[in-house]
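Below is one structure, written out as structure tokens, with a few remarks after it.
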Amino acid sequence: MNLVLIGFMASGKTAVGRRLARRLGYGFLDTDQLIENEIGCTIAQFFEIKGEAAFRHLETKLADHLSSLRNYVVATGGGILTTPGNLERLQKAGMVIFLKADQEEIIQRLERDVNRPLVKKGNLRETVERLNAERLPEYSRSDLIIDTRNKGVNRVSGEIIRLIADHLTKQDNPPDANPPDEEPKATGAG
Ligand code: S3P
């Protein structure tokens, strides 16, 4: 089984993904890193030269290939679900987990960031609020949602491990569609 982490920029997908992979003994991949290896420059440079659409095309091609992996944790770029069909592509690869970070925490982290092309220009708060509002409905269609507010990497990865275990147990033991008749109640004393 693979675990695919999604969520807004700076929501901790890479840090949590690495820790989760280590704890589970899984491999770890980061789609942004793989794309940078392929294009031979930074994503910010690629956005400048080729534009966002060309980046989304590479991202989607990669999403298609993820289903050939076994026992990997994959951290994805925050805009991966803006391409229609990508949630389904990721779900083919594994369980999709949304790291739901607090918007103020995201803004604080991005204030120090110089690498992410979508927040380099304009008003940071306005951009984050707009993109987050646009993307939240898509992120929320994930298989699991983890609220990461005020939580460190260890705690978030621990919660993910527990929730996956619960999720898999429920899948193995679905609630019985035709439960047996209620047991006859004991009557009288005794
Ligand atoms: C993007 C997020 C980035 C990267 C690219 C576009 C986005 O990844 O894929 O800059 O559209 O939100 P992170 O979520 O790792 O920052």
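List of remarks:
- Two-decimal Rg to Rh for region 47-148 - Kirkwood Rh, Cα set: 0.96
- Given LYS61/LYS151; LYS92/LYS120; LYS13/LYS50; LYS100/LYS170, the pairs whose alpha carbons are separated by over 31 Å: LYS61/LYS151; LYS92/LYS120
- Dividing the mean sequence gap of close Cα pairs (under 8 Å, 6+ apart) by how many residues the chain holds gives a relative contact order of 30 percent.
- Cα-based Rg / Dmax (Å) for the chain: 20.2, 84
- In this structure, the amide hydrogen of ASN71, modeled 1.01 Å from its nitrogen in the peptide plane, lies closer than 5 angstrom to those of ASN2, counting only residues at least 5 positions away or on a different chain.
- Amide H within-cut-off set for ILE6, under 5 Å, with H built and near neighbours excluded: ILE97, PHE98, LEU99
- In loop segments of region 31-86 as defined by DSSP, the trypsin sites (Lys or Arg not before Pro) with at most 15 further C-beta atoms inside 10 Å of their C-beta are ARG70.
No lab work stands behind these numbers, since they all come straight from the coordinates. Treat the numbers as computed from the prediction; the structure is a model and nothing was measured. Neighbour counts run over all protein chains shown; Cβ positions are idealised from the backbone, glycine included.
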